[in-house]
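Working notes, beginning with the structure itself.
The values are calculated or read from the model by the stated rules, or taken from the named source; none is laboratory data. All figures in this text were calculated on a predicted structure; none of them were measured in a lab. Every residue, glycine as well, gets a Cβ built from its backbone with ideal geometry; the counts of neighbours run over all protein chains shown.
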Amino acid sequence: MKNDIKLSEILSKSDLSDLRRKSNLRAASILAFNWALLIASFVVFIVWPNLVTFILSTLVLAGRQLGLAILLHECAHRSFFQGDRVNDIVGHWLCGSVINTSIYAYRDYHLKHHRHAGTADDPDQVFVEKYPVERASLKRKIIRDISGQTGIRDTLTKLKQFNWRDNHPWAISHGLMILVLSFAGAPWAYLLWWASELFVFPLIVRLRQIGEHGVAEDRHDRSPRMNTGTTLVSWWERLLVAPNYVSYHVEHHQFASIPCYRLPTLHHKLKAGGYFEGYDCIANGYADVLKRAVA
């Protein structure tokens, strides 16, 4: 039986004020950590170029590509740093540019998702509307992802739509990446980025989409506990699949203004207050998510 507990019974105004508090130090350290892992992925493969380091570096790099996308998302909500201008600049140039995403275009799109979550007008419904799917269908999707079919299709679409006015941050950031790698004597290492983006990144994005809304109890119910899912992850899933607290998605949809680095605290407060009782919105890892994704 689903409970009808009110959020005001669990969280006081003081609790919400503390949870909404933005920390420049926390945000800067998370941003630095993501970039450090991204750089380390290249360094490891350049210093020890072999099949094992190629695979490991590709996996970690793909996780950080998603990591930067998540930080872009935080900046789009202006919930990451103190100050709207800082969020816009960091999100656009240090997160969005390298993954070819404008924070301004993304913000317009993503806020529609929040406004219309649980309705047919949600622009993200198209990504998850067919779940759960037959096991064979899910297998085909995964094969398309890891074989590069999904990544190549999406990249070709972006290149066809390329124009300097909208995409110059991406061109500049990748030009700088090639320049730095050339100075390091390893311009060939640039291919590592595309190995990650074409063959690994699409699968991680799919897992994230399924976990967030694909296995929700009812995607056409307005309650976040019904139209959204949270996934509790292990350390390696945080590293490779669910960076920067992105898997606390029910919590994010309930309070989109709370910074990602405070979502674990929010989760524990909601759980202790009985917020999730009677709802099947919590998955234990992405193996559980995949089980739920199969009809």
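Considering Arg135, Arg165, the condition of being loosely packed, with under 15 Cβ neighbours inside 10 Å and at pLDDT 95 or above is satisfied by Arg135 alone.
The set of residues in region 13-50 being part of a loop (DSSP other than H, G, I, E, B) and either buried (at least 18 other Cβ atoms within 10 Å of the Cβ) or touching a strand residue (DSSP E or B) at 6+ places or on another chain (Cβ under 9 Å) (or both) consists of Lys22 alone. Of the residues that sit in region 216-267 and are in contact with a strand residue (DSSP E or B) (Cβ under 7 Å, 6 or more places away or on another chain) and in a loop (DSSP other than H, G, I, E, B), which one is nearest to Arg20 (Cα to Cα)? Within region 216-267, the match that is nearest to Arg20 (Cα to Cα) is Tyr248. The residues listed here are Arg78, Arg85; of these, the one that is modelled with pLDDT of 95 or more, of a type outside the set (A, V, I, L, M, F, W, C) and assigned to a helix (DSSP H, G or I) is Arg85.
Could you please give the count of residues in region 184-211 that are under 23 Å from Phe127 (Cβ atoms) and either of a type in the set (Ser, Thr, Tyr) or in contact (Cβ under 8 Å) with a residue 60 or more places away in the chain (or both)? Residues in region 184-211 being under 23 Å from Phe127 (Cβ atoms) and either of a type in the set (Ser, Thr, Tyr) or in contact (Cβ under 8 Å) with a residue 60 or more places away in the chain (or both): 14 in total.
If I filter region 268-295 down to residues being aliphatic (A, V, I, L, M), part of a helix (DSSP H, G or I) and closer than 16 Å to Thr231 by Cα, which single residue comes out as farthest from the chain's Cα centre (by Cα)? Checked region 268-295; the qualifying residue farthest from the chain's Cα centre (by Cα) is Leu270.
Restricting Lys13, Lys22, Lys6, Lys2 to residues that are over 17 Å from Leu239 (Cβ atoms) and under 20 Å from the mean Cα position of the chain (by Cα) narrows the list to Lys22.
The residue pairs whose first member lies in region 84-106 and is farther than 27 Å from Gly151 by Cα and β-branched (Val, Ile, Thr), whose second member is surrounded by fewer than 18 Cβ atoms within 10 Å (Cβ to Cβ) and modelled with pLDDT of 95 or more, and whose beta carbons are closer than 8 Å, counting only pairs six or more residues apart or on different chains, are Val86/Asn24. Taken together, the residues in region 110-132 that are assigned to a loop (DSSP other than H, G, I, E, B), in contact (Cβ under 8 Å) with a residue 60 or more places away in the chain and surrounded by fewer than 17 Cβ atoms within 10 Å (Cβ to Cβ) amount to 4.
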